[in-house]
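Each remark here refers to the structure printed beneath this line.
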Amino acid sequence: MKSVLKFNTLSRGIKGYRGLSGNDCKDFIVLGVETSCDDTGVGVVTSSGAILADSRHSQLAWHQKTGGVNPKVAGKLHREYLGSVMETALRDAGIKMKDVYAVAATVGPGLALSLEAGMDFTKKLVAKENKPFIPVHHMEAHALTACITHPVSFPFLVLLASGGHCILTVCEGPGKFLRLGECRDDAPGEAFDKIARALRLHTHPLVSDLSGGRAIEVLAKFGNPEKFPFPRAMSQRLDCMFSFSGIKTHTMRVITSQEANDPTGPHSPVLQCEDISAASLAAISRHLVTRTQRAILYCIEKWPTLNHLVVSGGVASNLYLRKKLEELASYYGYHFSCPEPSLCTDNGVMIAWAGIEHIKAGLPLMKDLSTLKFIPKWRLGKDISNVVADERIKVKVKMK
Ligand code: KG4
Ligand code: ZN
């Protein structure tokens, strides 16, 4: 059974609150729980956009040992750490559960065992504390994160690039998305992670404890992208779809030929890993920027009032890519917003904020979660990629 609830009024001011004072604040607090993949996150956010807590536990060190996210281990670690991550969040925020108006959690998409761990935890919490609940789509949460810290109004164009997804979509409001294009195969973060593993970057002293994408970003600064030329991905297809498998396969070929005369062995990074990092980062960014440029051209035609490009998801924490996309937006007279790098990767704050956006938009809250199921595969909004492809839009500016 679903029921719509009204906002409550907090009885006291809370440390760190933006724009609130004393006893008469009408602001409300949402607690967000994120467990879609390998990060356990609990965030506490106010409806006016103050982030009271951003508590996280990363499983990266566990999964690095086995060369990729192990779903069983991920589920087990979420169950082990959720309680303490939530306690830390409440302590950091200086609040108790009674101060929380509603709880939001990622329902999908993601790894089944990770989502299930989050759902089991949240269902118990919601029942015990008698709080209303907001089910959240993980990629919608990434898309709305920019609205916490930037003046973004609907509609806006958003590029979502993460470890599991790559989507170009117009966001018309909470729960209202039109997909212009998405990934046919590996997501960009997945491509970065596989390339980083093949380069054996976990053995590189400078980047051994970083995610694949971040490790490549750091090493790329020391490399020359022109040492290893890459072909342009999907240059004949005039749509907004993405494919990173060609770039990944090309990089693997380069790595294999390096390994053929590699005296370093399996416990050291591949020779010239800096140049290969720089070349693959440039190639992946070029593909993302080209498709985004086509999406902007489509939006200029179809949504004359839309003039804002938002970029989010783990890969959007990459400063090289952000700069290229910001230049693109500015070329077309678009505003550009990207959450700060730490809010681009998975966290509980973005889930809490998505919940707040749903409440503000008057979307229904849930009270009875007995029939609620997690959704490992869940597409965001309506697919209009064929309509976009039919326009056969040629891009004006070619990124190097
Ligand atoms: O959004 P996210 O935290 O989790 C998913 O929803 O998938 O994204 C994680 C992905 C990983 O593949 C990671 O390698 C990538 O984001 N990533 C980066 C950077 N930091 C994280 N990719 C490129 N540059 C970065 N600085
Ligand atoms: Zn994510």
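The values are calculated or read from the model by the stated rules, or taken from the named source; none is laboratory data. Keep in mind that what you see is a predicted model, and the values were worked out from it rather than measured. Here Cβ is always computed from backbone atoms with ideal geometry, including for glycine, and neighbour counts include all displayed protein chains.
Taking the criterion of being within 14 Å of ligand 2 (Cβ to nearest atom) and either among the β-branched types (Val, Ile, Thr) or surrounded by fewer than 24 Cβ atoms within 10 Å (Cβ to Cβ) (or both), the residues of segment 177-189 that qualify are Cys183, Ala187. Filtered by the rule that a residue be touching a Cys at 6+ places or on another chain (Cβ under 9 Å) and of a type in the set (Gly, Ala, Ser), segment 296-350 gives Ser312, Gly313, Gly314, Ala316, Ser317, Ser337. Checked against (1) in contact (Cβ under 8 Å) with a residue 40 or more places away in the chain; (2) away from ligand 2 (no atom under 11 Å from the Cβ), Gly163 passes all but a single condition, namely (2).
In summary, strands (runs of 3 or more DSSP E) completely within segment 1-114 and bearing 2 or more residues that are at pLDDT 95 or above and of a type in the set (Gly, Ala, Ser) occur at 39-46, 51-58, 102-108. Only helices (runs of 4 or more DSSP H) whose full extent lies in segment 115-229 are considered here, and the ones with at least 3 residues that are closer than 24 Å to Thr290 by Cα and more than 15 Å from the chain's Cα centre (by Cα) are 188-198, 212-220.
Summed over segment 216-254, the residues that are closer than 30 Å to Ser342 by Cβ, without any contact (Cβ under 8 Å) to a residue 60 or more places away in the chain and either surrounded by fewer than 16 Cβ atoms within 10 Å (Cβ to Cβ) or among the hydrophobic types (A, V, I, L, M, F, W, C) (or both) give a count of 8.
From the list Ile134, Ile148, the one residue that fits, being within 24 Å of Leu306 (Cα to Cα) and either at pLDDT 95 or above or buried (at least 24 other Cβ atoms within 10 Å of the Cβ) (or both), is Ile148. There is no residue in segment 303-315 that is aromatic (Phe, Trp, Tyr) and either within 16 Å of ligand 1 (Cβ to nearest atom) or under 18 Å from Val207 (Cα atoms) (or both).
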